[in-house]
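Engineer: Sharing a structure below in C-alpha cells format, with a few things to ask.
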Amino acid sequence: MSRILSTRVWRAVSRLHLASSAHFTPVTTSHAPSSQKRWMASEPQRHEFQAETKNLMDIVAKSLYSHSEVFVRELISNASDALEKRRYAELKGDVAEGPSEIRITTDKEKRMITFEDTGIGMNREDLVKFLGTIAKSGSKDFIENNKENAEAVIGQFGVGFYSAFMVADSVVVTTRKVGSKSEEGLQWTWNGDNSYEIAETDGLPTGTRIEIRLKVGDSATYSEEDRIKEVINKYSYFVSSPILVNGERVNNLNAIWTMQAREVNKEMHETFFKQLVKTQGKQEMFSRPQYTIHFQTDTPVSLRSVIYIPQSQFNQLNFMAQQTMCGLSLYARRVLIKPDAQELIPNYLRFVIGVVDSEDIPLNLSREMLQNNPVLRKLRKIITDKILGSLQSEMKKDPVKYSEFFKNYSIYFKEGVVTEQDQTIKEDVAKLLLFESSSKKANELTSLGDYVKRMQEGQNQIYYMYANNRQLAESSPYYEVIKSQNKEVLFLYDPADEVVFLGLGQFAMKQLVPVEKWAQEEAEKNGSDDKKDTKDFRDNEKKELLDWMKETLGSVRVAEISGNHRPSEHPVMVTVLDMGAARHFLRTGEIKDMEHLVYFKPHVHVNLTHPLVKAMYKMRKTDKETAAILAEQIYDNALITAGLIKDTSRMVGRLNKLLTSLAGNKGTSTILTP
C-alpha cells in the first residue's frame, strides 16, 4: 500500500503532526487475531492528535463520504499503489521479485476486517518524512480559514486511509519496506480516542497490513464476506492485482480498456459490455453493443477508454429514465472513482456505456468529489470529440447500419443541438442528423454535410420544410414555389426538427432557411413586378377583391394581403413572420389557437388565376353570405397547409353550409363557373 503508507496512508498519517525527531518504540496489540504472528515490540510512544488534525478527521468522518462502503475501495486502491511501486522497484533491479496480491480477511464474530498487501511498505525514513509534511505546509491556518467549507479542505489532501475511521473502533497499521536489511518494521495504533501510538516491532513480513475493529451496528456488516465481495465487485473489480477474500480470488475479468484495441476481440468486448450493464442495472435494457469506441491517448492528458453505444430500440420510458443517468464510469488506475460520471460528457450523450481511466484526474480528499478544473474540461472535450467523430465515421462507412442506429438515437442528437451553447459543437452534433430530401427517393436519408456538397453554385442557404409526411410536403404551396427553381429541400417530419433548426441557425456557414420564408420573399419580390396581362383581374378589380377579403376575414387573420398571377394549385397561401416558432407555440400550448395570428401577423397571398378565387369574386356580388363562407374556408385551408391551426371543428358547420348551397340551385352555377 504505497498510498496507504506513502502518498495516502502515511501522507494521511502526516496530519498527525509528530515531530520528526521523535523516537519510536514498539508496542504489541491486544486485539490482533489469533492467527497473526505475535511480533516482538518495545514500549510504544503515545502522541496526542493536534487540534487541526482533529478537525480534519472530523471532516473525514462526518462530511467526506456519502457511503461508508468506500473505505474498502480506498484501502484496496492504496494497496494497489503499493504493489505498483514494488513492481517498479523490481523492474529497476532494486529488489527481488515477490508475490503480488491483496488479501482481505473477515471475522464476523470479532467484527474484524484486515487488509494486507505485499507491496513496497515503509521504513523509518519514509515514515518520518511523511509525518513532517503537515508541519511545513501551513495547513493549520488553511483549515482554520476554511472550517466552514469542508470541500475546500477536502480539496487539499489525499487521505483515503482515514475513510476507515468512519467504520472503525480501532485501527492498527504494521509495515516493513521491501529491501530493508533487517526485519524491523513500524506499527501505528489508534484506539478510537484523541491519541495514537507508534512503535518499532520485529519479525514483520514486507508490505503493509491494516487491521480494523468495526463499530457495532451497520459498520459491522463489513466483517461479512458477502458484503465485502459486493463492494469489491462495485468499485475494485478491475484492479490489476489479484484480490483475495478469505483466500478466494474475486476479481477475474481483465480491464480491457488498458489493452491495445487490436488485442481485444469482439467476444471480449461483449463479455465486458455485459459486465458493465449488469453493474449499472441496465441488463434488461441492452443486450450487446452496436458500436465500440476503444482508444488511448497520452496528450494533452493520459486517457484509456472503452465506450459502447448499445444496440437498442428507442423507448420513450428509457429516454425519460435516463435524464439524470450517465453510463460512463470514471476510474483511476483501474479503481472506480465514480460510477455515474456526468462530468465527463454532455448530457445528450448519456446513452453511452463504458469506462474512462486517467492517471491525470485531479481528486479531492475523497474520490467522490471531483474538482472542476482544466484537466476535467480537457477530458470532457476529448471524449465528446471522440464519440461524435467516431459516429461520423460510422455514418460514412456503413450508411445503412447508421440509418437504423439513427432511428433509435436521433432524439439525443436533436437535444444536443438545442442545448449546446458552442456553435462549433452544435454543428458537430448536427452532422449526425439525417433527413429525407427532395433530391432523394422516399425513405432515403441524407445529412446536412451531404446537402452542402450538392448545393448549386452560388447558393448560400440550406432550405428545409416541416410537414407531417412527404406527400403533404410535396403538395405544399411553399414547396411548389421553390420546386420551380430546382432547389433541394430537406423535409422535416418530426416537430422537434423545427426547434433543432431554429436553434442551429446555420451549418457550414450556410443559413438554414425555411421554405415558407423563402416563398414569402419570392412572392413579395415578384408581386411588385407582376407584368402578367390583366384579363383575369384589372387593377381596380384586384384591389376590390383584396379589400373585400381583408374586411371579411378581419385584421387579426389578415395583417397584409397581396395578389399574384403565378400559376398554382392553391388559391391562397399564408406566411407569417416565423412559421417554425408559430407552430412550436401551438404544439406546446404556450399560446391559444388563433391567438398566434395576432403575434405573427399573417400575410395572405391570393392566387388570382385560381378558379375558386375568380368564382368567389363574382359570387360576392350575387351571394355575399356564401362568398364570405368560401373566403373563410379557403383561408383556413391555407392555415392547415401551413400547420398553423389546431382546432378544425369549426369548419364542419361551414362546409355543411357550402354543400347545402351546392346541393340546391342557390349559387351553384356561380361556384362552379368562374
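The values are calculated or read from the model by the stated rules, or taken from the named source; none is laboratory data. What you see is a predicted model; the values in this text were computed from it and never measured. Positions of Cβ are backbone-derived with ideal geometry, glycine not excepted, and every protein chain shown enters the neighbour counts. The accessibility values were calculated without ligands, DNA or RNA, using every heavy atom of the protein model including side chains. Shrake-Rupley method; radii C 1.70, N 1.55, O 1.52, S 1.80 Å.
Engineer: For the range 536-665, just say rounded, prolate or oblate: build the C-alpha gyration tensor, square-root its eigenvalues into a ≥ b ≥ c, call rounded for a/c under 1.5, and beyond that prolate if a/b exceeds b/c, oblate if not.
Structural biologist: oblate
Engineer: Run the numbers for residue 525 and residue 404: contour at 0.36 nm per residue of separation, minus the present Cα-Cα distance, in nm.
Structural biologist: Here the answer is 39.3 nm.
Engineer: Sorted by average packing, counted as other Cβ atoms within 10 angstrom per residue and highest first, what order do 94-101, 578-585 take? Display every interim value, and only then the final one.
Structural biologist: Working: 94-101: 13.9, 578-585: 19.6.
Result, highest mean Cβ count within 10 Å first: 578-585, 94-101.
Engineer: Here is a further query. Based on the mean of other beta carbon atoms within 10 Å per residue, what is the order of 539-545, 635-641, most packed first?
Structural biologist: Peptide ranking by packing, descending: 635-641, 539-545.
Engineer: Right, another one. Sort 260-267, 76-83, 563-570 by the packing proxy (mean of other Cβ within 10 Å over each peptide's residues), most packed first.
Structural biologist: Top of the packing list down: 76-83, 563-570, 260-267.
Engineer: Okay, moving on. What fraction of the DSSP beta bridges in the range 421-526 is antiparallel, stated in percent and rounded to the nearest 5?
Structural biologist: Here the antiparallel bridges make up roughly 45 percent for the range 421-526.
Engineer: Measure off 7 Å from each Cα along the Cα-to-Cβ vector at residue 396 and residue 419, then give the distance between these two points in nanometres to one decimal.
Structural biologist: 2.8 nm
Engineer: Quote the accessible area belonging to residue 517 in square angstrom, nearest 10, computed with a 1.4 Å probe and with ligands, DNA and RNA left uncounted.
Structural biologist: 100 Å²
Engineer: Any idea how far apart residue 496 and residue 108 come out in nm if each label point goes 7 Å out from Cα toward Cβ?
Structural biologist: 4.9 nm
Engineer: When Lys and Arg each count +1 and Asp and Glu each count -1, what net charge do the other residues less than 13 Å away from residue 519, Cβ to Cβ, add up to?
Structural biologist: Counting the neighbours of residue 519, the net charge comes to 0.
Engineer: Would you kindly state how much longer the chain becomes between residue 652 and residue 625 on full extension, computed as 0.36 nm times their sequence separation minus their alpha carbon distance, in nm to one decimal? Mind showing how you got there, number by number?
Structural biologist: Numbers: separation 27, 0.36 × 27 = 9.72 nm, distance 1.65 nm.
Length difference between fully extended and current span is 8.1 nm.
Engineer: Also, I was wondering about something else. On a full-extension model of 0.36 nm per residue, what is the gain between residue 577 and residue 302, subtracting their alpha-carbon distance, rounded to one decimal in nm?
Structural biologist: Full extension from residue 577 to residue 302 adds 93.9 nm.
Engineer: Taking the Cα centre of each part, how many Å lie between the range 245-305 and the range 176-211?
Structural biologist: With the range 245-305 and the range 176-211 each reduced to a Cα centre, they are spaced 38 Å.
Engineer: Treat every Asp and Glu Cβ in the range 536-665 as -1 and every Lys and Arg Cβ as +1, leave all other atoms uncharged, and give the resulting dipole magnitude about the Cα centre to the nearest 20 debye.
Structural biologist: The dipole of the range 536-665 has a size of about 160 debye.
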